[in-house]
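Asker: Okay, handing you the structure first.
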Amino acid sequence: MHNFLSGLLLASGFLAFSSVAAEDNKAGVLPLETFYQGERIEQLKLSPDGKRLVALKNIKEDTLIQLIDLISGESVYLGKTDNKKYRFAWVRWANNTHLLASFRYGDVRGLNTKTTETRLFSIEAKEGAELLPMVKAVRKGEHQSQFQDDVIKLRFPDDDHFLLGLDREMAGHDTIYQVNVKTGKASVVQRHKTNVASWVVDRQGQARASVDYNAKTTESSVRVLRPGQTEWVDAWRWPAFSEQAISLLGFGKDPKDLYISANHEGRLAVFKVDLSKADLPRQLILSHPVYDIEGSLIYSAARDEPVGIYFSDESSRSLFWDDEFKAFQAGLDKALPDTVNYITNLSSDDRSYLLYATNATTPGVYLLGNRDEKTLIHLAETFPGLNEENLVHKEKISYKARDGLNIEGYLSIPKGKTGPGALVVLPHGGPFSQDSNSFDTFSAYLANKGYIVFQPNFRGSSGYGHQFLTQAVGQYGMAMQDDITDGTKYLIEQKIADPKRICIMGASYGGYAALLGAARTPDLYQCAISFAGISDLREQRNSYRNYTNYNLAKKQMGEDNDQLEQNSPLNMVENIKAPVLLLHGTEDLSVRVKQSRMMAEELADENKVFSYIEIEDGTHHLDYLPHRKQTFEAIDAFLNKYLPL
């Protein structure tokens, strides 16, 4: 980041918190801690007046809420968690004097069903301030809401209040409350309805759209309230995984302008819908010929109008349709040509802003900008010590699957590597997600260690259109797995991968793919690593029985029990030849630890070479630092033994 726009000054950091600073690590294999310690700084937010910052700062296993005064440079801590009982889901400015913080934790509810829960607190932005709950204890007849942090609108109707969606009166059906950020006092502004799960308000704070979901039929619907009218009308309705699906993005300053994400020529695009007209006409705002456009709207704080969207194609970035912000972004990209540059936060007058710059070799840098002074000040690195000297760029590749479908993926080749090398195939979780050319911890660790890393976006990955995505519905372990296999064989044919030194590794769905790869193509891989992987598809589907999304899970995973059993690694253990490493947290609420326990038992019964490490109190996302340490150390030792370099 050394080519700067004429007239734009890039200054060095001046805040104490900005260099948690590690010594510069030169090229070479880095300590494991460099990767498993996680981000040092997260969720940096600028106050509306542009005078202060708040962030989540990670120091060893603790996460602290840090407040920074940009005028004096002083820094104080407002709260701390060790990430065992709970963690901070997010923190943001409620106004210039108070913060809102969401706490996420696990709990045990009825029917012995474990869930993730959230609670919402206010904190005055000053040293020694105490946490104030924003949702009072339930009274007789009220529902204990599982999620209590659905902040619908900040600073409404004034700076001291905000709007909160809460299913307190009727489970699964939100009421909108106006809450005082200083006292927690709440009043109802929009009562729940039986045909509404959640509400969307316009920029004036009026509930103007509602979303409902029928858990029995898995059908979703949207209703709208036209400006100047009192009767709500049906707008759209669609079954699960339908091409007709709609995502409500938000409103324009004019309450008739509703922005949505919807299908356009097989890809998701951004439309503006005119609610004042009976046929709800759509104006195409933004589309892409290859990739879906989906994400959250970017608003001009000063104009209270959407100007763009956070978008993910081969890399995540910001796309603007507003001319002023197009020019703004272009200037930043010219100043920082080697990174993807997000305007993450704007002051209320749009003149001060936070910028997040990143790429595969720049894990993430926060900068503070001023549009009037044309300055950018370096604030913090998310992973100090990780940079272009010890990280590698990801190369986008494409190949043909056996049925002719084009599949994209990303390849990380260690510095100085020539000729066929040891390969780690790293399929993503989800499966409705995607890998990109941006930084991620596991591929960076593997490439730094010396392995070639392959991250395929097999069919079912998000971002490539509806038809590509829905090929995962009811098809776990079928053509999706073939895409991973075909990509691996392609790299062998291209003499990139050494056919005798290949390991497959993944987490969640990726862990399932790793186990299935070892079982279905036993001669292709020399080892397999599964973190929180599924071994029995039918058992995983049935684990959702006590949840409202059970019928959706049946559609997603499939209702053909024979097919589920045929595609479950648990039933193919006798085929496995390669050593297997299983890792699983006992408090995983997404994929139950039972999945790995069953797999370990079968591997033992068949006298296979395997290791099983159960992470006591570990979660699906390894929220606690010692659990990440344990996981990385186990993977590192396993690779050293079974895929030595």
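Asker: I need the helices of the chain that pass two filters: whole DSSP H segments spanning 15 Å or more by Cα along the axis, and mean Kyte-Doolittle score no lower than 0.5.
Answerer: Sorted by number, the helices that extend far enough and score high enough are 509-520.
Asker: Right, something else. Would you work out which of 103, 206, 454 lies farthest towards the positive end of the dipole of the chain? Charges go on Cβ: Lys and Arg +1, Asp and Glu -1.
Answerer: Toward the positive end, the furthest listed residue is 206.
Asker: Relative contact order for region 394-642: what is it in percent, counting Cα pairs under 8 Å that are at least 6 residues apart?
Answerer: 16 percent
Asker: So which trypsin sites (Lys or Arg not before Pro) in region 118-190 end up in coil per DSSP with only 16 or fewer other C-beta atoms within 10 Å?
Answerer: The qualifying sites are 126, 136, 139, 140, 182, 185.
Asker: When a footprinting reagent is the concern and you count Cβ atoms within 10 Å, what order do 615, 246 take, fewest first?
Answerer: Ordered by Cβ neighbours within 10 Å, fewest first: 246, 615.
Asker: Label residue 140 and residue 305 with points 7 Å out from Cα along Cα→Cβ: what is the distance between them in nm?
Answerer: Spacing of the two 7 Å Cα→Cβ label points: 5.4 nm.
Asker: Residue 617 to residue 415: extension gain in nm, 0.36 nm per residue of separation minus the Cα-Cα distance?
Answerer: That works out to 69.0 nm of additional length.
Asker: Collect residues whose amide H, placed 1.01 Å from N in the peptide plane, falls under 5 Å from the amide H of residue 235; neighbours closer than 5 in sequence don't count.
Answerer: Sorted by chain and number, the residues that satisfy this are 222, 223, 224.
Asker: Assuming 0.36 nm per residue, please report the length gained on full extension of the stretch residue 640 to residue 51 beyond their Cα-Cα distance.
Answerer: So the chain would gain 207.1 nm between residue 640 and residue 51.
Asker: Give the Cα extents of the chain along the principal axes, in whole Å, largest first.
Answerer: Cα extents, longest axis first: 67, 56, 48 Å.
Asker: Considering only DSSP beta bridges with both partners in region 394-642, what is the antiparallel share in %, to the nearest 5?
Answerer: For region 394-642, the DSSP antiparallel bridge percentage is about 35.
Asker: Roughly speaking, what is the stretch gain from residue 233 to residue 566, that is 0.36 nm per residue apart minus the C-alpha to C-alpha distance, in nm to one decimal?
Answerer: So the chain would gain 115.3 nm between residue 233 and residue 566.
Asker: Now a separate question. For residue 372 and residue 74, what is the calculated FRET efficiency with R₀ set at 30 Å and r taken between the beta-carbons, to the nearest 0.05? Don't skip to the answer; put the middle values down first.
Answerer: Values: r = 24 Å, r/R0 = 0.80.
That pair, residue 372 with residue 74, gives E of 0.80.
Asker: What list do you get for 631, 34, 548, 230 if you sort them by fewest beta carbons within 10 Å? Spell out each step's value before the answer.
Answerer: On the way: 631 22, 34 19, 548 13, 230 6.
Arranged by neighbour count, lowest to highest, 631, 34, 548, 230 become 230, 548, 34, 631.
Asker: Then there is this: Among the listed pairs 136/182; 84/114; 60/114; 60/629; 153/555, which have their C-alpha atoms separated by more than 22 angstrom in this model? Don't skip to the answer; put the middle values down first.
Answerer: Values: 136/182 14 Å; 84/114 16 Å; 60/114 28 Å; 60/629 11 Å; 153/555 34 Å.
From the list (136/182; 84/114; 60/114; 60/629; 153/555), the Cα-Cα distance tops 22 Å for 60/114; 153/555.
Asker: Along Cα→Cβ, 7 Å out, is where each label goes; now give me the distance between the ones at residue 552 and residue 188 in nm to one decimal.
Answerer: In this crude spin-label approximation the distance works out to 2.6 nm.
Asker: Under 18 Å from the 7 Å Cα→Cβ point of residue 348, by amide nitrogen: which residues of region 34-55?
Answerer: Output list for this probe position: 45-54.
Asker: Separation between the residue 214 and residue 542 pseudo-spin-labels, each 7 Å from Cα along Cα→Cβ, expressed in nm?
Answerer: 2.8 nm
Asker: Residue 284 to residue 586: FRET efficiency via 1/(1 + (r/R0)^6), r the Cβ-Cβ distance, R0 45 Å, to the nearest 0.05?
Answerer: After rounding to 0.05, the efficiency reads 0.40.
Asker: Given a Förster distance of 41 angstrom, what is the FRET efficiency for residue 82 paired with residue 396, based on the Cβ-Cβ distance and rounded to 0.05?
Answerer: 0.55
Readers should treat all values here as calculations from the given coordinates under stated rules, not as data from a laboratory. Computed from a predicted model, the values in this text were never measured in an experiment. Cβ coordinates were reconstructed from backbone atoms using ideal geometry, including for glycine residues, and neighbour counts include every protein chain displayed.
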